Amino acid sequence: MKDLATANFDKMTAAEFEEYLPELFAMGGGKVSEDPRFAVFLKANPDCAALVSDLESIAEHAKSLFEPVHEPSDAVWSNIASKLAGELKEPPADGKKG
């Protein structure tokens, strides 16, 4: 684990920056590109900027996998139940029993 307190982002190489990425994403909430400390570095290193952009996109999509699933309303369930009940009361179309 790298110590961000001693990091000099203005003078580091792309490889050194990549070593800091896990901590940067963990501490920055996944928005490394919006951190002003890295603006000059990312502008000077387009490959790192592209990597950060890709990782931010992946992180955002991964978060959406854990968003709560919305259940259908009670009205939807009632409608389904009434349709099923109606189908059970009607004889089969071919006239045969169940």
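The values are calculated or read from the model by the stated rules, or taken from the named source; none is laboratory data. Worth saying up front: this structure is predicted, and the values here are computed from it rather than measured. All Cβ positions, glycine included, derive from the backbone under ideal geometry; neighbour counts span all protein chains shown.
Among the residues of the stretch 5-43, those that are over 25 Å from the mean Cα position of the chain (by Cα), surrounded by 11 or more Cβ atoms within 10 Å (Cβ to Cβ) and assigned to a helix (DSSP H, G or I) comprise A14, E16, V40, F41.
Can you find a residue that is of a type outside the set (F, W, Y), modelled with pLDDT of 85 or more, under 21 Å from P22 (Cβ atoms) and not in a helix (DSSP H, G or I) anywhere in the stretch 44-63? Yes, the stretch 44-63 has at least one match.
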